[in-house]
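K.L.:
Take this structure, written in structure tokens, and hold onto it; I'll ask about it next.
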Amino acid sequence: MQEISTKPYLLRALYEWCTDSGFTPHIAVRVDAATRVPRQFVCNDEIVLNISFEATSQLQMGNEWIEFCARFSGKSHKIEVQVANVLAIYARENGQGMAFPVEPASSQAVADSSNVSCPAEPQQRVDAPAHAESSHSQEDAHAYDDDASKSSGRSHLKVVK
């Protein structure tokens with residue numbers, strides 16, 4: 001019998017913790033050919049998505065896929081993300097959450113998104129990569145700057161023990 005992954009259960013549990021605590025849950029996702037997101041918001045084959053109740057409609061967090069509708073620059077989009085491609089889930093306000101190991105991107109996914117550049121200034125907060133978001137407070141921006149100096153462009157998560 002094939003072992004069932006704990007990842008979708010952990011994602012749902014951390015989503016519930018974020019919402020119960022009054023935080024805004026975000027997921028960092030590796031984008032490949034099967035991922036359905038607005039490509040203009042993808043940077044380095046990754047995208048950060050706000051999955052809060054206020055930012056989504058019809059959110060379904062299944063064992064294989066996370067699906068919802070969200071607005072990007074005022075236009076509604078159907079978002080479909082494989083659970084296997086979720087890099088992390090965390091609270092925007094304090095960075096607490098969990099990162100997950102993800103297999104390297106396939107060469108097809110890299111080829112599909114290699115012609116897409118990072119947006120200099122996102123037009124809304126729903127899907128902007130954390131390092132490009134302009135709506136953070138000075139304290140949040142400082143926290144991201146500190147994390148950026150420690151890593152080489154990976155997701156910015158706070159380690160909680």
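K.L.:
What is the distance, in nm, between label points placed 7 Å from the Cα along the Cα-to-Cβ direction at THR19 and at ALA84?
P.N.:
Between THR19 and ALA84, the simple spin-label model gives 2.7 nm.
K.L.:
Determine, for each peptide in 14-25, 81-92, the mean count of other beta carbons within 10 angstrom over its residues, then list the peptides with the highest first.
P.N.:
Details: 14-25: 16.0, 81-92: 21.2.
Going from most to least packed, we get 81-92, 14-25.
K.L.:
Could you give the length gained on full extension between GLN96 and SER76, defined as 0.36 nm per residue of separation minus the Cα-Cα distance, in nm? Let's see the in-between values first.
P.N.:
Numbers: separation 20, 0.36 × 20 = 7.20 nm, distance 2.86 nm.
Residue separation times 0.36 nm, minus the Cα-Cα distance, leaves 4.3 nm.
Each reported figure results from applying straightforward, stated rules to the coordinates on display, with no laboratory input. Note that this is a predicted model, so its numbers are computed, not measured. Cβ coordinates were reconstructed from backbone atoms using ideal geometry, including for glycine residues, and neighbour counts include every protein chain displayed.
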